[in-house]
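The values are calculated or read from the model by the stated rules, or taken from the named source; none is laboratory data. In this text the structure is predicted, and so the values were computed from the model without any measurement. Don't worry about glycine lacking a Cβ; one is built from the backbone with ideal geometry, like all the others, and counts go over all protein chains shown. Calculation scope for accessible area: heavy atoms of the full protein, side chains included, ligands and nucleic acids excluded. Shrake-Rupley method; radii C 1.70, N 1.55, O 1.52, S 1.80 Å.
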Amino acid sequence: MKLIVGLGNPGRRYEATRHNIGFDVIAELARRYANGNPKTRFQGETIDATWDGRSYLLLLPQTFMNLSGSSVVAARDFYQLEAADILVVCDDFNLPLGQLRLRARGSAGGQKGLADIISRLGTDQIPRLRLGIGPVPPAWDAVDFVLGKFTRSERPVVDDVVQLAANAAAEWGNLGIQVAMNRYNAKTSS
């Protein structure tokens, strides 16, 4: 069993915002690989999935972004997972729109949902897949930017990078972090 967590905020108000792109990646993985309907557990929405003979739990924490760690810890403890078996998918306004960055460990880099997960798990040795949503335009507040919706001209790039990120997450599960990093860190959505 591996756990793939998409970060975002629950509720219609936050649908299609930059901050919820992690939810979009989980929706794409569920579209491709889901076994049954979503369930409510671990303070989130979960979807059981299978690909290439392996089982996955797809998790959308419903705790709001900055408290995502409690949902992740509940799922980790239930399935007795190692940190290396958890992939966190989140937005990053420090990366250009359409760029992916997959890492095996490291700091939260200002992403508060990831920071809460690192804090609650007690380790930064958690694989993470960041999707570029930036840069924040001059004179914009970062919070207003991440909670804003993508523009019509950005939408094709976003749709493309969500597909690419779902591919990267699937390969992380099948082939490991190093192979996925080598294949996807240089990729950028067109």
Show log10 I(q)/I(0) for segment 84-190 at q = 0.14, 0.20, 0.23 Å⁻¹, two decimals, from a solvent-free Debye sum over equal Cα scatterers. -0.55, -1.05, -1.27
In nm, to one decimal, how far is the Gln125 label point from the Ser107 one, both placed 7 Å along Cα→Cβ? 2.1 nm
Could you do me a favour and compute the accessible area per residue for the chain, 1.4 Å probe, result in Å²? 46 Å²
Run the numbers for Asp159 and Glu15: contour at 0.36 nm per residue of separation, minus the present Cα-Cα distance, in nm. 50.4 nm
SASA check, Thr123, accessible area w/ 1.4 Å probe, all protein chains in place, rounded to nearest 10 Å², comes out at 40 Å²
Accessible surface of the chain [probe 1.4 Å, protein heavy atoms]: carbon and sulfur percent: 50 percent
J(HN,Hα) series, segment 20-32, from Karplus relation 6.51 cos²θ - 1.76 cosθ + 1.60, nearest Hz, glycine and proline x: 9, 5, x, 4, 5, 5, 5, 4, 5, 4, 5, 4, 7
Highest mean first, what order results for 19-31, 135-147 on Cβ atoms within 10 Å? 19-31, 135-147
Rounded to whole Hz, the Karplus (6.51, -1.76, 1.60) HN-Hα couplings of segment 160-167, x for glycine and proline: 5, 6, 5, 4, 4, 5, 4, 4
Longest principal axis of the chain (C-alpha) makes with the long axis of helix 112-121 (C-alpha) an angle, in degrees to the nearest 10, of 20 degrees
For labels at Val143 and Asn35 in the simple 7 Å Cα→Cβ model, what's the distance in nm? 4.2 nm
Between the helical axis of 68-79 and the dominant principal axis of the chain, each derived from Cα atoms, what acute angle in degrees is found, rounded to the nearest 10? 20 degrees
What percent does the relative contact order of the chain come to when contacts are Cα pairs within less than 8 Å and at least six residues apart? 26 percent
In the list (i) 39, 38, 31; (ii) 54, 39, 36; (iii) 45, 32, 31, the entry giving Cα extents along the principal axes in Å computed from the coordinates is (iii)
